[in-house]
Each structure stands twice: as structure tokens, then as C-alpha cells.
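Novice: Take this structure first; my questions come after.
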Amino acid sequence: MQRKNPLTQLELFQGTAQNTVARLWQQGRAESFPKGCVIMRAKEPLKSIYIQLSGKSIIYNLTHTGKRKIIFIFGAGALLNEHVLDAHDASVFCETIEGSRIFIVPVSVFLECMEQDFQLTKAVLEAQERKMWRMSHQLKNTMGSIYMERKLAAKLWKLSRDFGKTTPEGIEIDINMTITLLADMLGAPRETTSRLCGTLTELGLMQMRKKRIIITNPEKMSQFYRTGRIEDRSVK
């Protein structure tokens with residue numbers, strides 16, 4: 001019995017010809033990785049295209065002091081590569097943050113399919129444009145004029161949109177979020193991040209239980225990160 005091709009279920013390939021998707025699946029392989037496995041390393045030759053089938057991975061880089069700075073968290077369907085051309089080395093690190101299944105296909109095969117199927121090329125360009133759009137918003141939210149509490153609120157609100165599931169108490173972010181992970185996303189020390197989480201909890205915007213964060217009121221969280229206010233309350 002022929003294995004089902006999971007690529008056909010991904011948004012990235014919805015407009016792509018069936019024979020293109022079939023060729024990619026035949027020429028590539030799906031591998032399972034445990035939590036904490038580094039899939040790509042910055043400045044190393046990029047020989048494969050990586051597509052998340054299940055689980056979650058982070059894209060990050062290192063600061064000049066060697067501290068990890070998380071850029072993106074990606075779930076199923078994400079194109080993990082920043083570059084798709086074989087002339088480039090990887091520019092970022094990619095690491096799984098939970099057990100993941102990732103599709104791996106040689107760059108040369110992927111480029112040939114892009115040449116033969118414009119819909120695939122278009123889908124890749126759109127995926128990369130979405131990353132650029134997200135990056136521009138992240139840069140806007142890291143300006144010195146926005147308080148740290150609001151920066152954290154913005155990131156948590158976005159994560160609740162991308163990975164949230166409804167519970168009786170609010171929107172739970174379906175990621176095991178440690179203080180260290182949050183600190184790496186925020187670019188702040190763990191102690192500062194812990195204090196910021198306490199502030200948002202006191203404001204009634206979130207709850208943190210073990211490694212799970214619940215956004216108790218997404219609308220108020222959005223209002224707070226945009227304006228620094230919750231109804232008549234403001235935070236300096």
C-alpha cells in the first residue's frame with residue numbers, strides 16, 4: 001500500500017501541481033526529531049529544504065555575547081529555511097522545541113520543482129514575504145519607546161493567535177513556555193522576564209501554570225500591547 005503524501009495537506013502546496021508534490025515526496029524523506037535537536041546551523045552549507053510536518057521548531061540566532069535570540073516559532077506547514085538557493089549557507093539556527101516530524105528534500109530537487117511549477121515558486125515567495133512582514137512588526141515592537149511589559153504582551157498575543165486553543169479560562173498557548181524560552185524571545189534576562197510575567201498576571205491578562213500560559217482576555221491583551229492601557233488603567 002502506498003504511503004499517504006502529507007505534503008498535500010499543507011497550505012504551502014495547495015496550489016502546486018500533484019505531480020510536483022509527488023516528486024518532492026519521492027525524492028525527499030520525513031524524519032522524526034526529539035525536542036532540542038538542531039536542524040540547521042548558521043554559517044554551515046545549506047544542502048536541504050526543511051518543512052515542518054508536525055511539532056514545533058524555533059528559528060534563532062546568537063548575539064555578539066553568545067546569547068540565543070529567538071526570531072520565530074513555527075508549527076506544522078512551515079518552510080523553515082531562510083534561504084532556498086544552494087549558493088547560500090544557512091543564516092540562522094533551527095531547533096525543535098518539542099518532538100517533531102520534518103520533511104527534508106535536497107535543495108537541487110526543490111529548485112528544479114520551482115523552475116517547472118510556478119505555483120510552487122509563488123507559494124515559496126509568499127511564505128518568505130510573510131516572514132518579512134512578521135519580522136517588520138517584531139522590529140517595531142522592539143523599539144525603545146515600547147515598554148517591556150508591552151513587548152512581552154505583543155509576543156504572547158501573537159503566539160495565542162498562532163498556537164492558541166480555547167479553554168474555559170481563556171486561550172492557552174499550545175507550547176511549553178519556560179521563562180528561559182520567553183527570555184530568549186524577548187531578548188531580556190530571565191529575572192526580568194519573570195518579573196514581566198508577574199506584572200501581566202497581576203493585570204489579569206495571563207495565567208502561567210507550570211509551562212503553560214493562558215491568555216485570559218485576548219482583547220484586553222491586544223489593547224494593552226498597543227496602548228499600554230487596560231480600560232482606565234495604564235502602566236508606565
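Novice: Roughly how many Å² of Thr96 are accessible to a 1.4 Å probe, to the nearest 10?
Specialist: Roughly 0 Å² of Thr96 is accessible to a 1.4 Å probe.
Novice: When only C-alpha pairs under 8 Å and at least 6 residues apart count, what is the relative contact order of the stretch 1-138, in percent? Don't jump to the answer; show the numbers that get you there.
Specialist: Values: 255 pairs, mean separation 45.6, N = 138.
Reported relative contact order: 33 percent.
Novice: Let me ask you something else. Would you list which aspartates and glutamates come within 14 Å of Lys211, measuring only between C-alpha atoms, while excluding same-chain residues fewer than 8 positions from it?
Specialist: Hits, sequence-local ones excluded: Glu98, Glu172, Asp174.
Novice: Then there's this: Pulled fully out, how much extra length does the chain show between Glu112 and Lys35, if you take 0.36 nm times their separation in residues and subtract their Cα-Cα distance?
Specialist: Working: separation 77, 0.36 × 77 = 27.72 nm, distance 3.19 nm.
Difference between extended and current length: 24.5 nm.
Novice: Rounded, prolate or oblate: which fits the chain, taking a ≥ b ≥ c as square roots of the Cα gyration tensor eigenvalues, rounded meaning a/c under 1.5, else prolate when a/b beats b/c? Provide the component values of the computation, followed by the final result.
Specialist: Details: a/c = 2.13, a/b = 1.87, b/c = 1.14.
Prolate, since a/c reaches 1.5 and a/b exceeds b/c.
Novice: Determine the order of Glu82, Glu191 by accessible area, beginning with the largest, at a probe radius of 1.4 Å.
Specialist: On the way: Glu82 60, Glu191 135 Å².
Highest to lowest solvent-accessible surface, that is Glu191, Glu82.
Novice: If you don't mind, another one. Could you check how much of the accessible area of the chain is carbon and sulfur, as a whole percent, using a 1.4 Å probe?
Specialist: On the way: 6440 of 12840 Å².
About 50 percent, which is the carbon plus sulfur part of the accessible surface.
Novice: Using alpha-carbon pairs under 8 Å, 6+ residues apart, how would you state the relative contact order of the chain in percent?
Specialist: Details: 382 pairs, mean separation 43.3, N = 236.
Worked out over the chain, it gives 18 percent.
Novice: Distance between Cα centroids, the stretch 14-54 to the stretch 142-192: provide it in whole Å.
Specialist: Taking the Cα centre of the stretch 142-192 as reference, the centre of the stretch 14-54 is 28 Å away.
Novice: Something else: First check a/c for the stretch 27-112, with a ≥ b ≥ c the square roots of the eigenvalues of its C-alpha gyration tensor; if it is under 1.5, answer rounded, and if not, answer prolate when a/b is larger than b/c or oblate otherwise.
Specialist: Working: a/c = 2.15, a/b = 1.16, b/c = 1.85.
Oblate, because a/c is 1.5 or more while a/b does not exceed b/c.
Novice: Can I ask one more? For the stretch 39-78, what does the alpha-carbon gyration tensor say about shape, rounded, prolate or oblate, given a ≥ b ≥ c as the root eigenvalues, a/c under 1.5 as rounded, and a/b over b/c as prolate? Can you show the working numbers first?
Specialist: Numbers: a/c = 3.76, a/b = 1.41, b/c = 2.67.
The shape class here is oblate.
Novice: Could you pull the accessible area for Cys37 with a 1.4 Å probe, rounded to 10 Å²?
Specialist: 40
Novice: Continuing with this model, one more query. Using a probe radius of 1.4 Å on heavy atoms only, what accessible surface per residue do you get for the chain? Whole Å² is fine. Before the final figure, lay out the partial values.
Specialist: Details: 12840 Å² over 236 residues.
Computed with neighbouring chains in place, this is 54 Å² per residue.
Novice: Under a straight-distance cross-link criterion of Cα-Cα below 25 Å, which lysines are reachable from Lys122, leaving out those fewer than 8 residues away in the same chain?
Specialist: Counting by Cα, and skipping residues close in sequence, Lys122 has these lysines nearby: Lys4, Lys47, Lys56, Lys131.
The values are calculated or read from the model by the stated rules, or taken from the named source; none is laboratory data. Predicted model, so just to flag it, every value in this text is computed and none were measured. Note: accessible area is taken over every heavy atom of the protein model, side chains too, but ligands, DNA and RNA are not part of it. Shrake-Rupley method; radii C 1.70, N 1.55, O 1.52, S 1.80 Å.
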